[in-house]
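The values are calculated or read from the model by the stated rules, or taken from the named source; none is laboratory data. Model, not experiment: these values are computed from the prediction. Glycine also receives a Cβ, built like all others from the backbone with ideal geometry; neighbour counts cover every protein chain displayed.
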């Protein structure tokens, strides 16, 4: 079946079964490999994308449920060639170790900071439930708190791409 989905501001038409998880549509059909497969059951968060600005686990999201909604992947988080401010903070605070989970982690943090610009550790723990097997949680918190202490740029809201 054919589905029209809006990914990073561009409408894309895909020919897949309606129950195909969005993760596989992004990776296999659209060749957008920044979103990672981790567990396949929505537990680990490696596949986190934004759906209308909310962090969602794409491995359990059927493509038929996302038509008419705005999907943002890690590839669409930054505008232009500069990294998003969260990506820059990740580099500055040396957050990634192996890095596999980090695209999903960054997407979860972006959604959190959109709704809570200065989250407490408790709010971070409640909102960012992604799993990092390397255990970089302390550096993740440091980067989030550093971002919370910075004034947000005028264009820091969810990227609309059109």
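Within segment 106-127, can one find any residue that is under 26 Å from residue 37 (Cβ atoms) and loosely packed, with under 14 Cβ neighbours inside 10 Å?
Within segment 106-127 (the criterion being under 26 Å from residue 37 (Cβ atoms) and loosely packed, with under 14 Cβ neighbours inside 10 Å), the answer is yes, since at least one residue qualifies.
Based on what the data block shows, is residue 44 closer than 23 Å to residue 143 by Cβ and modelled with pLDDT of 95 or more?
Yes, satisfied.
Residues are listed down the side, and each one gets a yes or a no for (1) over 17 Å from residue 114 (Cβ atoms); (2) modelled with pLDDT of 95 or more:
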{"residue": "15", "(1), (2)": "yes, yes"}
{"residue": "21", "(1), (2)": "yes, yes"}
{"residue": "32", "(1), (2)": "yes, yes"}
{"residue": "53", "(1), (2)": "no, yes"}
{"residue": "80", "(1), (2)": "yes, no"}
{"residue": "95", "(1), (2)": "yes, yes"}
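Could you list all residues from segment 111-146 that are touching a strand residue (DSSP E or B) at 6+ places or on another chain (Cβ under 7 Å) and outside any loop (DSSP other than H, G, I, E, B)?
Matches in segment 111-146: 111 only.
Determine whether segment 14-36 contains at least one residue that is closer than 22 Å to residue 78 by Cα, more than 14 Å from the chain's Cα centre (by Cα), assigned to a loop (DSSP other than H, G, I, E, B) and in contact (Cβ under 8 Å) with a residue 12 or more places away in the chain.
Yes - at least one qualifying residue is present in segment 14-36.
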